[in-house]
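Step one of this worksheet: look at the structure below.
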Amino acid sequence: EPEVTQTPSHQVTQMGQEVILRCVPISNHLYFYWYRQILGQKVEFLVSFYNNEISEKSEIFDDQFSVERPDGSNFTLKIRSTKLEDSAMYFCAEQQGAGTDTQYFGPGTRLTVL
Amino acid sequence: QKEVEQNSGPLSVPEGAIASLNCTYSDRVSQSFFWYRQYSGKSPELIMSIYSNGDKEDGRFTAQLNKASQYVSLLIRDSQPSDSATYLCAVGAGSYQLTFGKGTKLSVIP
């Protein structure tokens with residue numbers, strides 16, 4: 001199974017600060033996703049990204065969130081002004097093609113907002 | 001609103017027994033179905049995918065899908081203590097996102 005990597009593994013920040021979470025994709029994968037999982041809760045979809053554009057986003061993905069692929073390789077999730085309730089595990093996921101292909105999850109970044 | 005429901009458990013089975021995990025989903029147009037395993041503090045790891053009605057076997061794992069009943073299950077034969085984890089059911093409906101259930105916690109007792 002291909003490996004998706006994410007950095008940092010753990011990020012601690014103060015409320016109101018900006019954070020950037022990074023995902024290093026597998027080279028031939030086309031579709032990228034961010035999910036989050038609040039402790040003890042289910043994995044929730046945030047956003048999907050294809051061809052340098054957002055394909056879909058959930059109601060969670062409000063104006064505080066943004067995604068980009070700034071250098072054509074790393075895929076980033078930015079939270080502009082963090083809130084306490086943003087504390088969660090954030091997972092990057094990728095798939096090679098559309099439709100019924102498998103999504104591979106990265107190891108996640110644990111975000112703690114104080 | 002797409003919903004994926006799972007019993008939260010915990011489901012306890014003795015080592016060597018069959019563990020049966022169930023999942024129902026609300027969106028009738030769902031097309032792809034996945035079982036992920038998640039150890040505490042780790043990311044979801046794909047166990048099985050299934051797209052057509054019936055059974056699909058992979059080693060000790062069998063996924064079963066019944067689209068008419070909107071039901072998908074995972075059987076784990078010869079359960080091992082290392083199978084102890086939370087099992088997540090995820091459903092795709094032709095769009096890009098997956099909708100996850102809350103997961104069933106499985107405990108295999110040696």
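Net charge near B:ILE109: determine it from the other residues with C-beta under 15 Å of the C-beta of B:ILE109, scoring Lys and Arg +1 and Asp and Glu -1.
That sum, taken over residues with Cβ under 15 Å, equals -2.
Taking each residue in B:96-104, count the Cβ atoms of any other chain within 10 Å of its Cβ, then average. What number comes out?
Average per residue, whole number: 6.
Using the Karplus curve 6.51 cos²θ - 1.76 cosθ + 1.60 with θ = phi - 60°, work out ³J(HN,Hα) for each residue of segment A:59-64 in order, rounded to whole Hz, and write x for Gly and Pro.
Values, residue by residue: 5, 5, 7, 8, 5, 6 Hz.
Quick one: grab the alpha carbon gyration tensor of segment B:1-86, order the square roots of its eigenvalues as a ≥ b ≥ c, and give me rounded if a/c is under 1.5, else prolate or oblate depending on whether a/b is larger than b/c.
It comes out prolate by the Cα gyration axes.
Tell me whether segment B:41-106 comes out rounded, prolate or oblate; compute the Cα gyration tensor, take square roots of the eigenvalues as a ≥ b ≥ c, and use a/c under 1.5 as the rounded threshold.
Since a/c reaches 1.5 but b/c is at least a/b, the shape of segment B:41-106 is classed as oblate.
Summarise the partner chain shielding of A:35-42 as one whole number: the mean count of Cβ atoms from other chains within 10 Å of each residue's Cβ.
So the per-residue partner count for this stretch is 3.
Of the residues A:THR76, A:THR13, A:THR102, which exhibits the maximal mean-square fluctuation in a Gaussian network model of chain A defined by a 10 Å Cα contact cut-off?
Among A:THR76, A:THR13, A:THR102, the largest GNM mean-square fluctuation belongs to A:THR102.
Please enumerate, by chain and number, the aspartates and glutamates with C-alpha under 12 Å from the C-alpha of B:LYS102, excluding those fewer than 8 residues away in the same chain.
Within the straight-line cut-off, B:LYS102 pairs with A:GLU44, B:GLU3, B:GLU5.
List the trypsin sites (Lys or Arg not before Pro) within segment A:50-80 that fall in a DSSP loop (any state other than H, G, I, E or B) and whose Cβ has at most 15 other Cβ atoms within 10 Å.
Those that pass, being in a loop and sparsely packed, are A:ARG80.
Looking at chain A as a GNM with Cα springs under 10 Å, which of A:VAL19, A:VAL67, A:VAL43 has the largest mean-square fluctuation?
Largest GNM mean-square fluctuation: A:VAL43.
Could you tell me the relative contact order of chain B? Use alpha-carbon pairs under 8 Å, at least six residues apart, and round to a whole percent.
39 percent
Taking every residue in B:31-42, how many Cβ atoms of other protein chains lie within 10 Å of its Cβ, on average?
Shielding by partners across B:31-42 averages 2.
Among A:MET15, A:SER73, B:THR99, which residue has its Cα positioned farthest towards the positive end of the charge dipole of the protein assembly as shown, with +1 placed on the Cβ of Lys and Arg, -1 on the Cβ of Asp and Glu, and the dipole taken about the Cα centre?
Selected residue: A:MET15.
Set the bar at 23 Å for Cα to Cα. Now go through A:LYS57/A:LYS83; A:LYS42/B:LYS56; A:LYS42/B:LYS105; A:LYS57/B:LYS105 and name every pair that lies beyond it.
A:LYS42/B:LYS56; A:LYS57/B:LYS105
Each value in this text was obtained by applying a stated rule to the coordinates, not by laboratory testing. Here the structure is a predicted model, which is why all the values come from computation and not from measurement. Glycine also receives a Cβ, built like all others from the backbone with ideal geometry; neighbour counts cover every protein chain displayed.
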